[in-house]
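Read the structure below first, then the notes.
The values are calculated or read from the model by the stated rules, or taken from the named source; none is laboratory data. Predicted model, so just to flag it, every value in this text is computed and none were measured. Here the Cβ positions follow ideal geometry from the backbone for every residue, glycine too, while neighbour counts run over all protein chains shown.
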Amino acid sequence: MTKVIVFHAGKEEYALPVDTIVSIEKSEGINPIPHLPSFVLGVTKVRGELIPVFDLAEILYSSSLDRTNAFLIVVKSEIMPFGLLVKEAKEIMEYSDEALTQVGLLAYGKADFFSGIINLEDRMLTQIDPDRLVAGLKGVPEIQAYVTEQEVQSN
């Protein structure tokens, strides 16, 4: 059985593996960074660590998420920790390996961060691979450099 956290971005439900989640926070104290892609909302400190914050609705649908009552899912990845701004992070679910179906969209370069579709009795969830998500975003080296520079300046 695999555990995932279920959340909304846009009108759809998505899932992230629980073992990639650091925490779920209120979306407060996000400091904007100029000259970066529109999906980068800025940086914030979580437990003393500076992390970039990405708007998942902007990444998926090219439309910004209303930040009112939004949540920040803090995610660890091989590249860097980051926050995903989401509409609602509402539950933890378990599913069996048989419930996960690979989707044909994985071959499509712009959606290669989807690791599959979780088929449940009454709904379907799109599972996101955080490592592939970050690896596929434009501007990641610049974001990493900015975060590192800010951490050095604050020490």
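In segment 119-131, what residues are within 20 Å of Ile21 (Cα to Cα) and either among the hydroxyl-bearing types (Ser, Thr, Tyr) or modelled with pLDDT under 90 (or both)?
At the first step, the residues of segment 119-131 found to be within 20 Å of Ile21 (Cα to Cα) are 125-131.
Correct list: Thr126 only.
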Somewhere in segment 35-51, is a residue modelled with pLDDT of 90 or more, within 19 Å of Ser154 (Cβ to Cβ), buried (at least 19 other Cβ atoms within 10 Å of the Cβ) and of a type in the set (Phe, Trp, Tyr)? no
Going by what's in this entry, would Lys76 be described as over 17 Å from Ala145 (Cα atoms), modelled with pLDDT of 90 or more and of a type in the set (D, E, K, R)? yes
Please verify whether Thr101 is surrounded by 18 or more Cβ atoms within 10 Å (Cβ to Cβ) and either at pLDDT below 85 or of a type in the set (S, T, N, Q) (or both), treating the condition exactly as stated. no
Total residues in segment 1-23, condition surrounded by 16 or more Cβ atoms within 10 Å (Cβ to Cβ) and in a strand (DSSP E or B): 14
Out of Ala89, Ala57, which single residue is closer than 30 Å to Met1 by Cα, small (Gly, Ala, Ser) and in contact (Cβ under 8 Å) with a residue 60 or more places away in the chain? Ala89
Do any residues in segment 119-132 that are closer than 14 Å to Ile79 by Cβ have Cβ atoms under 6 Å from those of residues that are charged (D, E, K, R) and at pLDDT 90 or above, where the two are at least six apart or on different chains, and which pairs are they? Asp131/Glu78
May I ask you to verify whether Asn69 is over 15 Å from the mean Cα position of the chain (by Cα) and at pLDDT below 85? yes
Residues (β-branched (Val, Ile, Thr) and over 12 Å from the mean Cα position of the chain (by Cα)) located in segment 14-49: Val18, Ile30, Ile33, Val43, Thr44, Val46
Kindly evaluate Lys76 against the criterion of being among the basic types (Lys, Arg), farther than 23 Å from Met124 by Cα and either buried (at least 18 other Cβ atoms within 10 Å of the Cβ) or within 11 Å of the chain's Cα centre (by Cα) (or both). yes
